[in-house]
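Here, each number is a calculation from the coordinates, and none is a lab measurement. This one's a predicted model, so the numbers in the text were calculated from it and none came from an experiment. All Cβ positions, even for glycine, are placed from backbone atoms using ideal geometry, and neighbour counts span all protein chains on display.
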Amino acid sequence: MTHKVLLFNPRSSNGKYRIPNSVLQVAASIDGKFEWVIVDGNRERDPYKKIAAYLRTGEFRYVGFTVMPGPQLKEAIPFAKSIQIDFPGTVMIWGGYFATNQCKVVLRSGYVDFVINGPGDHAFPDLLEALENNQPYEGIRNLIYLNEGKIVKTPKEDLIEQATLPTLPYDKLNRLYDLPTYLGKTYLGTKTLAYHSSVGCPFTCSFCAVVPIYEARWKAKPADQVYRDVKYIKDKWGANAIEFHDNNFFVSEKRTADFSRLIKGENMIWWGEGRIDTIHKYKDETLALMRESGCKMIFFGAETGNDEVLKKMDKGGTQTGAQIRAFAARMKKFDIIPEYSFVLGMPGDDPKKVMDYIDGDIAFIKEIKDINPDTEIIIYTYSPVPTEGSELYEKTLASGFRFPEILEDWISPAWENFDLRKNPLTPWLTPAMIDKIRDFETVLNGFYPTVSDIRLSSLKRKVIHHLAALRYRSGLYKYPYEIKLLHRLWRYRQPEIQGF
Ligand code: B12
Ligand code: SF4
């Protein structure tokens, strides 16, 4: 009898569930070849109990974990260790951005047998076939494993034509976990579907975790296929809004326009992530069509208004401070909310330079808010990712920054804050700089509460806005305890941590 496969999605959210697309797509890749189950850490009170119950049947030999840095690691690490002790002989396979980018520390932990390097759609079924039939696996692409203590990376395969991939097994997921519960209430709608329509990204921003894996490649599902899937879930389970989880949904204007035309009649609000320089090239009629079809808000990596820093970040395109301003104004015309994320705390030649960058960005963000007050601002502190070879990475290493060398260290409180991009542990940022960034963020969120927090009533919005007004206008950001108190009382939600 062929052994079964258990796929685990460690807990990543408190209460707001999303379709676990990573493990669902991995399940699709083996559907019909291997029997599989998903254990979703977001939906289980005691996920390990469930995992152990499955493994105790003796029918499962392969366990796959998808792992993002931060909270997911907090379950992934202890559970993988326990599985090795409680169920020896289980083959442990990890995939996802964290496992790929940090493969050395993951494999050297001693409790992960294989890491899938990027897309698992072919690598995973091929690996399972090989293991199940005692065949060599060394020729399979996109694999990382240890051989006599040395890391072996097999060659990467070309990006798969997304139209050739199987449809996700939504009905089977629904048998394991009630699917409508995955359609969460968000700013976009009462039943929001999370959908992933393309892989990779054609750009090479020097701070981005997508770059080492996809190396400036991008492939997308055709618009009609995306529409078909969305429509299926709408008709069967009542989805009324879509969150596109692509790294860069809007690469192709034609695909965006085709999708907009198809979805227009469905009365669904939709959201995705894009680049300012890409969408600024879109024709007016495409932008109008997008809005008409339900595109209400788009997330953009604005990063900074400083052209010199933008260049260093190697955004790989044509983004400038002037363009960020002009685009905010253009989006206003089309009634699409630009959600701009900024990365503050970039390295500079000396502490004064670093502080100047921070002050410059704060002034720039206020300018954007003047141009288009609806612009949503998200502030991250710069956290390095190992895009080896980039100027920024070399500079980061030269300043003394090091990633943990033991897997468990990633779940220490300090590194968890790093993952959430709240405290980057970068040596050039002094506590005063971090405080300035955080205090400004508090005052900004007070003066302009995010529209994506649907629990915040308009009265609460007004109160907090007025309370923060003096600080915001005068630039007195230090110790904004009164705003923090209200945020805590009203459990203000930050999209950068809790999801879009
Ligand atoms: C949805 C999402 C979330 C959701 C989680 C949803 C859930 N699973 O419940 C939320 C909003 C909670 C979230 C939070 C965070 N996220 Co997140 N998230 C994503 C997002 C947008 C989509 C993931 C997804 O579903 N992809 C679709 C699937 C099909 O693709 P995939 O995961 O790459 O899977 C393929 C391969 O990687 C591989 N694979 C993946 N897993 C496995 C497992 C096995 C066994 C195998 C064989 C193969 C395999 O095969 C799959 C099919 O080809 C990605 C960006 C992206 N576009 O992928 C970021 C992303 C994964 N997140 C990221 C980060 C950093 C975070 C945070 C830690 C920080 C932050 N501020 O965003 C927080 C953590 C907070 C928390 N509470 O956990 C980074 C990871 C970067 C890195 N250095 O590793 C990403 C890449 C975004 C980015 N560009 O920075 N996230
Ligand atoms: S455009 Fe976005 S996804 Fe693409 S490389 Fe830059 S930050 Fe990463």
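What nm value, rounded to one decimal, do you get for the distance between Glu408 and Tyr479 when each label is placed 7 Å out toward the C-beta?
Modelled inter-label distance: 4.1 nm.
Loop only per DSSP, at most 12 neighbouring Cβ atoms within 10 Å: give me the chymotrypsin sites (Phe, Trp or Tyr not before Pro) in region 1-76, ordered by residue number. Write out the running numbers ahead of the final one.
Details: sites: Phe8, Tyr17, Phe34, Trp36, Tyr48, Tyr54, Phe60, Tyr62, Phe65; in loops: Tyr17, Phe34.
Within region 1-76, no chymotrypsin sites (Phe, Trp or Tyr not before Pro) qualify (loop, at most 12 other Cβ atoms within 10 Å).
Thinking of region 33-91 as a set of Cα atoms, what percent of all their pairs are more than 14 Å apart? It would help to have the intermediate numbers written out before the result.
Numbers: 954 of 1711 pairs.
Distances greater than 14 Å cover 56 percent of the Cα pairs.
In Å and on Cα atoms, what radius of gyration and Dmax does region 239-343 show?
Final numbers for Rg and Dmax: 13.7, 44 Å.
Find how many whole Å separate the alpha carbon centroid of region 281-315 from the alpha carbon centroid of region 50-93.
40
If you take every residue apart from Tyr479 with its C-beta less than 14 Å away from the C-beta of Tyr479, what net charge results, scoring Lys and Arg +1 and Asp and Glu -1? Please report the intermediate quantities before stating the final value.
Details: positive: Lys436, Arg438, Arg471, Lys478, Lys484; negative: Asp435, Asp439, Glu441, Glu482.
Neighbourhood net charge equals +1.
Starting from the eigenvalues of the Cα gyration tensor, five times each then square-rooted, give me the equivalent ellipsoid semi-axes of region 21-163, largest first, whole Å. It would help to have the intermediate numbers written out before the result.
Values: eigenvalues 96, 61, 53 Å².
Result for region 21-163: semi-axes of 22, 17, 16 Å.
Using the C-alpha gyration tensor of region 1-105, what are the square roots of 5 times its eigenvalues, in whole angstrom, with the largest one first?
20, 16, 15
Once all Cα-Cα distances of region 183-378 are split into 5 Å bins that start at 0, what whole-number percent is in each one?
1, 8, 15, 19, 18, 16, 11, 6, 3, 1, 1, 0
Work out, step by step, the length gained on full extension between Asp158 and Lys332: first 0.36 nm times the residue separation, then minus their alpha carbon distance; give nm to one decimal.
Numbers: separation 174, 0.36 × 174 = 62.64 nm, distance 3.94 nm.
Answer, rounded to one decimal: 58.7 nm.
Remind me, relative contact order of the chain in percent, using alpha carbon pairs under 8 angstrom and six or more residues apart? Provide the component values of the computation, followed by the final result.
Details: 847 pairs, mean separation 55.3, N = 500.
Relative contact order for the chain comes out at 11 percent.
With axes computed from alpha carbons, what is the tilt in degrees of helix 253-263 against the longest principal axis of the chain, rounded to the nearest 10 within 0 to 90?
80
Any chance you could give the angle, 0 to 90 degrees and rounded to 10, that helix 123-132 forms with the longest Cα principal axis of the chain?
That helix lies at roughly 20 degrees to the long axis.
Given that compact globular proteins tend to follow 2.2 N^0.38 Å, what is the ratio of the alpha-carbon Rg of the chain to that value? Write down the numbers at each step before the final one.
Values: Rg = 22.9 Å, N = 500, 2.2 N^0.38 = 23.3 Å.
Dividing the Cα Rg of the chain by 2.2 N^0.38 Å gives 0.98.
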